[in-house]
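Engineer: Once you've had a glance at the structure underneath, I'll fire off some questions.
What follows draws every value from the coordinates through simple rules; no lab data is involved. What you are looking at is a predicted structure, and each value in this text was computed from that prediction instead of being measured. Using ideal geometry, Cβ is built from the backbone for each residue, glycine included, and neighbour counts are taken over all protein chains shown.
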Amino acid sequence: MAQVKLTALKSGVPIGFMAALGAFRHATETPELGTVRLGWTASGGQWCAVLETSNSVSADRMVELITERLKRMDRRNEFTWATAVKNTPPEVWRRMAEEALNTANACSHQLPDWLQAFASELVKKEDGLLEPTPLDMTGAAQKFLEGAAKLTIELQRPHRRLGDSPLRDSFHEALFGPWRYLDDQHSLGWDPSMVALGAFSPQAPTKMKNTGVRTAVWLAMESLPFFPCFYEKGLATCGFVKTGRKQSFRWAVWESPLSVCAVRTLLAQEPGIPEEEKSGRGLCAMYESAVYKPNKYMTSFQSAVLQA
C-alpha cells in the first residue's frame with residue numbers, strides 16, 4: 001500500500017482533524033486511488049493525517065484528483081434544502097429526509113447522512129425551529145447552509161485568466177501546507193487561531209477582513225457526515241460531550257490506517273472509551289476543544305487540550 005502524508009492536516013486543531021476526515025471521504029470515492037484508509041503519523045509534536053492507498057499517487061496527483069472531483073460536482077442538495085438549519089421548521093427537514101430516504105440506494109446514502117449531520121427532527125428550540133448541530137457556529141448574518149453552497153460554487157468557478165491553477169494551489173496549501181491564511185474566508189469557528197476577539201483587535205471584529213484557507217474550510221465542511229445528530233434528552237452529536245451546560249468536541253487519532261466504516265465506528269464510540277482501553281484500540285492521542293460562546297452572536301472552538 002502507498003501512502004500520502006497530508007502534512008498540513010494536524011491533529012491538534014479542530015479544523016485540521018475535520019479537514020482530514022473530509023479529504024478522506026472524497027479520497028474513498030475517487031476510483032483512481034483504489035482502496036483508501038486513514039491513519040496518523042507523528043509530526044512535530046503532533047500527528048498529521050496519512051492516506052493509505054492501494055494505487056500509488058504523488059501529492060500533485062492527489063491535488064489534481066480532488067480538484068477534478070470538486071469541479072464535477074452537480075447541485076449540492078445537502079446545502080440547498082434551506083439557507084440556515086437554525087431558521088428551519090422540523091417539518092421541512094422531515095420532508096427532505098423522507099425524499100432522500102426514498103431515493104437513496106444501497107450504494108449511496110449520502111444525502112440522508114448529510115441531513116442527519118445537521119439536526120434531528122426530535123429536537124426543537126424554544127421557538128419551535130430546529131436545533132442545529134454544534135458544528136454550526138454561524139451567527140448574525142452568516143447562514144450555515146447558504147455559506148457552504150456559496151463556497152462550493154466559488155471554488156468551482158475558474159479564474160478568468162489562470163483557470164483552475166489557483167484552486168489547485170489552494171488545495172495544495174490546505175493538504176500539504178503551509179497555511180498562509182490569505183483568503184477572505186471565515187473559519188466558521190473551527191480554527192481557534194482565527195477567532196477575532198474585540199479586546200485584542202485594533203477594530204471591531206465585524207469590520208475586520210476574514211483570513212482563512214478556503215479549501216481547508218471546504219474540506220472540513222465535507223467531514224460533517226461523520227458527525228450525525230440524534231436525540232438523547234436533547235440534541236446529541238457524535239464527537240461532542242456535555243458537562244452541565246458546557247460542551248466540548250473530543251477526537252482521537254490512531255496510527256494504523258482504518259477504513260471509512262471503522263472510522264465511523266471509532267468516532268461514535270470514542271467519547272466513552274475507558275482510559276485503560278485506549279491503547280488496546282490503537283489510539284495514540286486524544287484531544288478536547290471546548291465550545292466557546294461569550295455572547296449570543298459568537299461561537300467558536302477554544303484551543304485544543306491534549307488528553308492522552
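Engineer: If we count other beta carbons within 10 Å of each Cβ, what is the order of Cys48, Cys229, fewest first?
Structural biologist: Cys48, Cys229
Engineer: Using a Förster radius of 25 Å, what is the FRET efficiency between Ala42 and Thr265 based on their Cβ-Cβ separation? Nearest 0.05, please.
Structural biologist: That pair, Ala42 with Thr265, gives E of 0.55.
Engineer: Note the direction-averaged projected area, equal to a quarter of the hull surface, for the Cα convex hull of the chain, in nm².
Structural biologist: Seen from a random direction, the Cα hull of the chain projects 16.7 nm² on average.
Engineer: Moving on to the next point. Where the centre of each part is set by its Cα atoms, how far does region 12-88 sit from region 94-156, in angstrom?
Structural biologist: First find each Cα centre; the distance between them is then 19 Å.
Engineer: Report the full-extension gain for the segment Glu126 to Asn55: residue separation times 0.36 nm, less the Cα-Cα distance, to one decimal in nm.
Structural biologist: 20.4 nm
Engineer: Pop the C-beta distance of Ala140 and Arg160 into the FRET formula with R0 = 25 Å and round what comes out to the nearest 0.05.
Structural biologist: After rounding, the FRET efficiency stands at 0.20.
Engineer: In nm, give the distance between the simple-model label positions of Arg94 and Lys296, each being 7 Å from the Cα along the Cα-to-Cβ direction.
Structural biologist: About 2.8 nm separates the two model spin labels.
Engineer: Please arrange His26, His159, His172 by how many other C-beta atoms lie within 10 Å of their C-beta, fewest to most.
Structural biologist: With the sparsest Cβ surroundings first, the list reads His159, His26, His172.
Engineer: With contacts defined as alpha carbon pairs under 8 Å and 6 or more residues apart, what's the relative contact order of region 2-306 in percent?
Structural biologist: Reported relative contact order: 24 percent.
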